[in-house]
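Since the structure comes first, as structure tokens, the remarks are kept for the end.
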Amino acid sequence: MERYKYKYIILYLGDMMVKITKQQIKDYFKKHNYSTYADVAKEFNVCHELIRKKFKNEIISSLNYKSKYITYKDNLSFDSNNLTKINNIVFSKDRDIKSTVFNIVKTNDLISSEKLYNLFEFKIRQQVSQLIKTRKIFIKKQAKHSLYSTNPFDDTIIVKEKFDITSLKEGDKLLRDLQIINEIEYRKKIDVARKFNIDPKTINDIKKRFEIGGAKGLIHTRRPKTIKISSSVQAAIITEAVKHPEKSPKEIKKSVNKPISLKIITDTLEKIKNSIEQKKKLLLEIQ
């Protein structure tokens, strides 16, 4: 802490002693267009930290080349997206990549991924992913290109709801999925998948279901199974039921002597009953 304290005291004293004006810096960049902190410090024979501190509002760094190059903001003319290029070096009035992307999406609602990425001369996927993860911007995937907006799409709104997590038991899939949703906010998907011993594709599926339906969207529901039986078995059940209407499903099962469940017999009899009732109604309507 003491070292940093003395550093800022030295910078403050240096600022007091070295009289570099904004006009001098502006004229320098009019001549050179862009430079580096090291070259500017060498030109004025001062520490580059002093330049960085004193002119932090006037000097902007490049978005590409790891912010190596700097220029004087007021000397530049920016396009409608607050961007400008000098020899493939990209500068932004918004200073950093994330702020620039956010404002571009805000200004150009529903901008396509192709158009957004073409505005830059370098990769911005990491910054876009961070903005999506922090819900500053939202994405809607289309057939060819995704669309970006600062407003949530209808199918990506997280349902805010009260959910009694205390009712869940250890090993419950819903509890596991809620833990996964919590962890992917600050950990890589591959690490979360490894921890829970599941496929990364399952992580994506869980995230999608949560984004659409909230906690309720994570509840595992199974479609009812449709059990198929052969026409011969069905005929045997019907024949036995017609011959002996007094018999229960359990007794019919014994008489049919086939490897079928009581539920199949009950469902079959229910269908016959409904079919007979429908035919009776039709006959009454005709009469």
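The values are calculated or read from the model by the stated rules, or taken from the named source; none is laboratory data. Note that the structure is predicted; figures quoted are calculated from it, not measured. All Cβ positions, even for glycine, are placed from backbone atoms using ideal geometry, and neighbour counts span all protein chains on display.
Observations
- Here E170 does not qualify as at pLDDT 55 or above, in a loop (DSSP other than H, G, I, E, B) and among the charged types (D, E, K, R).
- Scanning region 80-95 for residues that are under 15 Å from Y117 (Cα atoms) and in contact (Cβ under 8 Å) with a residue 40 or more places away in the chain yields a total of 0.
- I237 meets all of the listed conditions (1) assigned by TED's automatic domain parsing to the domain that holds K263; (2) at pLDDT 85 or above but one, namely (2).
- Number of the condition not met by E246 [criteria: (1) over 24 Å from F102 (Cβ atoms); (2) part of a helix (DSSP H, G or I); (3) modelled with pLDDT of 70 or more]: (2)
- Filter result (hydroxyl-bearing (S, T, Y) and closer than 16 Å to V40 by Cβ) within region 66-89: S67, Y69, T71, Y72
- Scanning region 53-60 for any residue that is more than 28 Å from Q127 (Cα to Cα), modelled with pLDDT under 90, assigned to a helix (DSSP H, G or I) and out of contact with any Pro (no Cβ under 6 Å at 6 or more places or on another chain) turns up at least one such residue.
- Matching residues in region 88-110 - criterion: being loosely packed, with under 14 Cβ neighbours inside 10 Å and either within 25 Å of Q23 (Cβ to Cβ) or β-branched (V, I, T) (or both): T107
- Considering only residues in region 116-147 that are within 22 Å of K85 (Cβ to Cβ) and touching a residue at least 12 places away in the same chain (Cβ under 8 Å), the one that is farthest from the chain's Cα centre (by Cα) turns out to be E121.
- Close pairs (7 angstrom Cβ cut-off, 6 or more residues apart or separate chains): within 19 Å of P245 (Cβ to Cβ) in region 258-282, of a type in the set (D, E, K, R) anywhere: L262/K250; L262/K253; I265/K253
- Count of region 68-84 residues which are polar (S, T, N, Q) and either closer than 23 Å to Q23 by Cα or modelled with pLDDT under 90 (or both): 4
- Single condition D27 does not satisfy, out of (1) touching a residue at least 24 places away in the same chain (Cβ under 8 Å); (2) surrounded by 13 or more Cβ atoms within 10 Å (Cβ to Cβ); (3) out of contact with any Gly (no Cβ under 9 Å at 6 or more places or on another chain); (4) in a helix (DSSP H, G or I): (1)
- Scanning region 128-167 for residues that are touching a Phe, Trp or Tyr at 6+ places or on another chain (Cβ under 9 Å) and either at pLDDT 90 or above or farther than 15 Å from K208 by Cα (or both) gives V128, L131, K136, I137, L147, Y148, S149, T150, N151.
- Candidates are the residues of region 14-23 that are at pLDDT below 90 and of a type outside the set (V, I, T); the one that is farthest from T100 (Cα to Cα) is M17.
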